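Colleague: Sharing a structure, written as structure tokens. Questions coming.
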Amino acid sequence: MGHEVNDVTSPSDDYDILNTLICQHIPVLPNLKSITVMGVTWNCLTPQSKAVLGSLQQLKSICWQSVVFEYLEYLLDICSSGFPYLHALKIRQIILTEPKSLKLDDTLPAAVSNGSRFPNLHLLDIVVDKNAATLLSISSPTYIQPRNIDTMCFSGVSVGDAILISLRAQQKTVTREVAISLSQNSNLRSVEISTFNLHPSMHGDTSWLQAMIATITSQELREITIWINTESKEWIKDFDFRSLEKALLPRLGSDSLALVEFTLHIKFGHQYAWSSDYLLEAVAAVETQLPAFHTKGCLVVHTQRAAASEALDGWWPYVWGY
């Protein structure tokens with residue numbers, strides 16, 4: 001379900017058509033399991049259209065892409081109260097006309113004001129930006145309580161990303177603007193983080209990533225996957241894999257915290273011009289940087305585009321491709 005442009009002022013003729021189509025066609029699909037809402041201003045949908053969408057009680061997966069809301073809380077209320085069996089929540093981009101959260105004395109939807117959001121949510125896939133990042137911060141009123149989530153995917157993450165981290169040009173210190181915590185997710189089994197764009201001009205410090213991973217308390221964690229985009233295998237050496245591995249070593253030495261697989265996807269620019277030997281050398285460079293993972297046999301390195309993973313609902317970074 002989509003619209004060509006975001007209209008934050010008033011419904012246009014196109015919105016009248018969209019509202020009509022929703023009211024005519026969605027009711028005949030009561031067992032719809034998955035839907036993508038794209039390029040829509042939520043307030044431009046009529047109450048009837050919203051009611052029709054909210055009637056999809058069997059919906060298990062919803063993707064929001066370039067959708068305009070007033071407040072982030074409204075998005076959470078729509079997803080948690082309208083779709084009780086929601087299994088996968090994907091947020092590609094959301095635009096807020098009122099960036100600040102609702103005040104505590106404002107009237108909050110019941111599903112937002114209590115701690116019972118998303119009782120069946122297992123997959124959370126977020127393109128991290130200034131709006132969506134607060135969903136992962138415990139100090140935020142819009143924090144998504146993890147509950148049963150076992151797979152989390154963070155897209156749009158790159159070394160030097162001004163949203164997650166602020167790199168000071170003259171210093172090598174890192175300041176995280178939004179503290180992402182995974183400490184309350186006791187069932188977390190898989191974490192996907194993308195995409196690191198490696199370049200000599202970018203500082204390869206991974207301390208912010210180590211800090212985020214260090215908040216994981218789940219004894220069920222089995223897989224960590226990182227996606228890297230680079231132009232040269234030589235630039236891989238600038239990424240601080242050693243410190244990242246050191247932070248994860250305790251999970252290699254305990255059966256109860258056993259990390260089964262650490263996967264690295266590497267995409268090379270102009271890959272068509274490079275030989276298989278070059279790619280093998282790149283894999284060897286990574287294995288040298290992560291000796292403990294390599295020795296334990298849990299390191300997996302891919303230098304080709306990944307096939308869609310059924311376990312991750314067909315997920316790979318939305319900007320990934322050749």
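Colleague: Ranked by Cβ crowding within 10 angstrom, fewest neighbours first, how are His302, His122 ordered?
Modeller: Going from sparsest to densest Cβ surroundings: His302, His122.
Colleague: Also, I was wondering about something else. Within 10 Å of each residue's Cβ, count the other Cβ atoms and sort His199, His87 from fewest upward.
Modeller: His199, His87
Read-outs throughout are calculated quantities, based only on the coordinates presented, and are distinct from any laboratory measurement. Owing to the predicted nature of the structure, the values given are computational and were not obtained by experimental measurement. Methodologically, a virtual Cβ is constructed for each residue, glycine included, from the backbone with ideal geometry; neighbour enumeration extends over all protein chains shown.
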